[in-house]
Amino acid sequence: MGEDIPSPCDLIVVGTGLIESIVASASSRIGKQVVHLDHRDFYGSSWATFSFNSLQNTLGLVDEFTEHTTQSQKEASDLNISLNSKAICNVIEKWFISDECKTENDDSQECEASRDKTSRITWTKSELLKNSRKFNFDITPKLLYSRGEMVEVLINSGICRYAEFKNVSGIYTFDGAEGCLLPVPCSRADVFNSKEITMVEKRLLMKVLAMCVDYENKSEEFKEYESGSFDNFLNAHKIQGKIRKYLVDSVAMANDSTNFKDAVKNVQKFVRSIGRYGNTPFLWTLYGSGELPQCFCRCSAVFGGIYCLKRNTENIIVGSDGQAIGIVSDNQNLMAKFILIEDCLNPLAKIKPGISRAILITDRSLTKNDQAAIITVPSANGKDPVRILELSASTMACPPGLYVVHLITRQVKTAVEDLREAINAVFCSSEEEALDKPNIIWSLHFNINEYDCPEGKLPPNVYSCPGPDLFIDFDDHVIKARNIFQSMYPGEDFLPKVPDPEDVVLEGPSEDIVQERPLEGIVETSPEDQESGETRQ
Amino acid sequence: MDPSVLTTLKILITGESGVGKSSLLLRFTDDTFDNEQAATIGVDFKVKLINVDGNNVKLAIWDTAGQERFRTLTPSYYRNAQGAILVYDVCSRQSFSRLDAWFDELETYATNTNIVKMLIGNKIDKDRREVSREEGLKFAKKHSMLFIEASAKTKDGVQMAFEELVQKIIQTPGLWEADVTSQRGLSLSDRTQAGQPWSCSGYCSMV
C-alpha cells in the first residue's frame, strides 16, 4: 500500500460490523482520529449484504468466511486477535432447480416467451447466477422501527441521506392449527374491518394496547404484573385466541417466557411507530441491511476516519500498566488510545450457540406482498418463534418475479434442523407442486455464532462489540454503540447533526449557461468509435 | 423541490488518491483552488445549480471522503448515481493504470445501468506528463465514456466537463425522470415526517 496509516491515533476499530461502524462515525464526528480496519474485503462483517456470486465466494461454498493467518511469535503480555474464528458456520446450499430450462420443449426462445406470459416463471440455475448482482442477500436482515433508536440516530445525525427505505407492507402470524397466515391488524380501521376476530375481541385488543402504551403513567395498575411474564399479564386479562397471537407473536415480538416489561416496551415501540412512514411500524433498508454499517463508515470517512479493508490485525499490544497501547496490523505497530474489536475477534471470547438462519429464493409471494412482509411462525414448547422476512424485487433484494425469504430463529441444533418445521409449514420444497404454496428455488442454511465475552478481562481501554442478535430490529445495537462511545468520551455529543449540503446550494454565475451545441474539447465516445479507433491502431 | 428545478442529479467522482478529485469538485462548485490541499476531510457532497439547455438542474456531486485511499469505497457510495467521473493524473502513469480497477468497481456497484461516465485527465498544467491524450482517449472509447483533459488549477476544461456530463445525462431517457426515481425507496428526514404524532396514529386513536 502506498500510504501509511496514521499512528498514533485516538481510536482503532477492528471489524466493520454495525456497532464498530457506529462508534467509528460518532468518534470521527467529534474530531477524534479514527483508523478503521477489516481483514475482510467487504464492509459489514456479519452484517454484510452480498450479491449471489459474492455470497457464494464469501461463505465458501468456498469454505471460509474469514481467512486464516499464520500467527507469528508474540510477546507474552499481548493478546492475539483470533482472526480465524468463523462467525458463520454449518453452511449448506441447495438448489431445487436444474440447470436446464424446464418448459415442455427445450427451445430457449419458447422459454423466453413463456416467461413473459405465465405468472409462474421458470428459472434455471445459470440464469439466476447470471443475475448475480440483482440479488442482495443479507447475512443479518433486520427491520427499523419508524420511531426506534436506529431511525432517530439516522435522522438526528443526517446519516439517513446515505440510505433509502421501503415500508414493510404486511405483518402476519402463522396459525399452525389452520395452516394459514393471519394478517395482524395495524390500525384502528384494520382492527374494525377484520373478519378474523369478534367485536368483543376487537375491544379487548384495543384496551390492552392502550394500557400498554399508557404504562408509564399508570404504573400502579401494573404493579402486580411487573415482575412476571407477559403471558401472565395476558392471562389475567383473559386474552386468548387470535388476538393473543397478534399481541404475542407480532406486536410484542415475544414468546412464552418474555417478561412483562420487555414485552410492553416492544408494544409501545410498535404502536408509536405506526403511521410515521406507512401503515406498519417497520422499514426495510433498500439494497439490504448491509447498507447501514456502510452509511456510518461513510460518515466517519467524511470526518477524517481512515478506512482500510483487507488489512489483518494480529494482536493487541498491552503496556506494563495493563492498558492497551496499540495493535499489530500486517506487521506494523499502530498506536491508539482506545481499541474496539468485534466479539468474534476477541481473543477471550467463547463461542456459544447463536442464530439459525436460512435464505430462500422462492417463485411467489406468501402474502401477495409487493414490498416486504414479516411473518412470525410461533414455536411450541417454549422455543423461540421463527421470524420470516419476505422481500420482493422492489426492495432490490432480487430480480422481478422472485422473492428472497429470510428465516431467523434461535440456534438449538443446526440451522437445517431448527428451521425445518417452519419451512415445511409454509413452503413447498419437493417436486409435488403444491399450487397454494411458493416453491423454493434455492436455499442456504447457516448459523451465526454468538460469543460470551468475560467482562473485565480485556484491558480497560479495549471494547468488544457484540455481533448480530435475534432481535428483529437494530435498536439494541444502537444503544450499545452509544454506551461504548459515552464511556470513551463522557459528556460528548453522540452523532450530532451534520450540516446538510443541500442547504448550501451554490448558484452558478450567469455565464454558466451552457450553449446547446456540444462544447469543443469534449469527446463523446461510443462502442462504434472504439472499433474504428482500434482499426486505426 | 423548487418547481423551476428540473431534477436533482447524483454525480460521483472516483479515481486514485491524489489525482485531484476534490480540487476538480471545488473548482467547479466554489471556483477555488488550493495548491496545498490536504486529503479530503469534511466534504460529503456539494450542491450546485446549473442551467443546461434552458433547464435548471441541481447537482449533488459526491466526493470519496478519502475512502479511496486504501481502495475501500463503500458500494453504497455508487447507489443511484446518474453520472460518474473517473479521474486520473496525466503526470502519473500509476493513476492511469489503476483506471481499469476503478472502472470495474463502478460497473459492479452502479445501480443505474445507463449511468453516464466521464473520464477526466487532470493536471494538464504540469509539464511532466506521463500519459498522452491519445491514451486517455483510447481508454474512454473502449468503455464508451466522455473524455476531457482538464486542470483544476488553471480552470481549463472543468466547467465544460461537468456541463457536458449533465447534458448527456439529461439526454439519456430513463435515467433521471421523476417516474424513474420515485420507484425507489423513501428517504428519512425530519422534514418528511408523514403521519401524525403517535398519540393519534394507528390503533390508539380510538381509545
*Show me B:82-91, A:478-487 ranked by packing, highest mean number of other Cβ atoms within 10 Å first.*
B:82-91, A:478-487
*Report the relative contact order of region A:232-288, percent, no decimals, based on alpha-carbon pairs under 8 angstrom and at least 6 residues apart.*
19
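What percent do you get for the relative contact order of region A:187-273 when only Cα pairs under 8 Å and 6+ apart count? Each step should come with its number before you reach the end.
On the way: 68 pairs, mean separation 28.2, N = 87.
Rounded, it is 32 percent for region A:187-273.
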*Given charges of +1 on the Cβ of Lys and Arg and -1 on the Cβ of Asp and Glu, with all other atoms neutral, how large is the dipole of region B:1-113 about its Cα centre, in debye to the nearest 20?*
140
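Want the number for residue A:132 to residue A:457: 0.36 nm per residue separation, take away the alpha-carbon distance, what's left? Walk me through the intermediate numbers first.
Values: separation 325, 0.36 × 325 = 117.00 nm, distance 4.38 nm.
Taking residue A:132 through residue A:457 to full extension adds about 112.6 nm, to one decimal.
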*Measuring from centroid to centroid over Cα atoms, what is the spacing of region A:356-393 and region A:2-60 in Å?*
30
_Report the gain in length on full extension from residue A:352 to residue A:380: 0.36 nm times residue separation, minus Cα-Cα distance, nm rounded to one decimal._
7.8 nm
*Could you let me know the centre-to-centre spacing of region A:277-295 and region A:128-182, using Cα atoms, in angstrom?*
5
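Suppose every Lys and Arg Cβ carries +1 and every Asp and Glu Cβ carries -1, with no other charges. What dipole size does region A:187-273 come out with about its Cα centre, to the nearest 20 debye?
360
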*Put +1 on the Cβ of each Lys and Arg and -1 on the Cβ of each Asp and Glu in region A:413-489; which of A:459, A:445, A:479 then has its Cα farthest toward the positive end of the dipole?*
A:459
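What average number of partner chain Cβ atoms lie no more than 10 Å from the Cβ of the residues making up A:151-159?
Working: counts 1, 2, 0, 2, 6, 1, 0, 3, 1.
Mean partner-chain Cβ count within 10 Å for A:151-159: 2.
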*Suppose R0 equals 22 Å; then what is the FRET efficiency for residue A:257 and residue A:227 from their Cβ-Cβ distance, rounded to the nearest 0.05?*
0.95
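List the relative contact order of region B:1-151 as a percent without decimals, with contacts defined as Cα pairs under 8 Å and 6+ residues apart.
Details: 269 pairs, mean separation 38.3, N = 151.
Once divided by the residue count of region B:1-151, the mean separation gives 25 percent.
Which peptide among A:281-289, B:28-36, A:188-196, A:13-21 comes first, and what is the full order, when sorted by highest mean count of other Cβ atoms within 10 Å? Intermediate results must be reported in sequence, preceding the final value.
On the way: A:281-289: 26.8, B:28-36: 13.3, A:188-196: 15.1, A:13-21: 29.1.
Output ranking for A:281-289, B:28-36, A:188-196, A:13-21: A:13-21, A:281-289, A:188-196, B:28-36.
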_Computed FRET value (nearest 0.05) for residue B:154 with residue A:89, which takes r as the C-beta separation and R₀ as 45 Å_ = 0.20
*Gain in length, residue A:312 to residue A:219, computed as 0.36 nm per residue apart minus the alpha-carbon separation, to one decimal in nm?*
28.3 nm
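Would you mind checking the pairs A:195/A:245; A:261/A:350; A:94/A:134; A:32/B:10 and listing those with alpha carbons more than 27 angstrom apart? Walk me through the numbers on the way to the answer.
Working: A:195/A:245 15 Å; A:261/A:350 30 Å; A:94/A:134 20 Å; A:32/B:10 29 Å.
Those over the limit are A:261/A:350; A:32/B:10.
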*Compute the separation of the alpha-carbon centres of region B:72-89 and region A:233-250 and state it in Å as a whole number.*
51
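Other chains near A:307-313: what is the mean number of their Cβ atoms within 10 Å of each residue's Cβ? Let's see the in-between values first.
On the way: counts 10, 5, 6, 3, 2, 0, 0.
Rounded to a whole number, the mean comes out at 4.
Quick check on packing: order B:130-140, B:154-164 by the mean number of other C-beta atoms within 10 Å, highest mean leading.
Highest mean packing first, the order is B:154-164, B:130-140.
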*Average beta carbon contacts from partner chains per residue of A:206-213, 10 Å cutoff*: 3
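Readers should treat all values here as calculations from the given coordinates under stated rules, not as data from a laboratory. Worth saying up front: this structure is predicted, and the values here are computed from it rather than measured. Cβ atoms come from the backbone with ideal geometry, glycine included; neighbour counts cover every protein chain shown.
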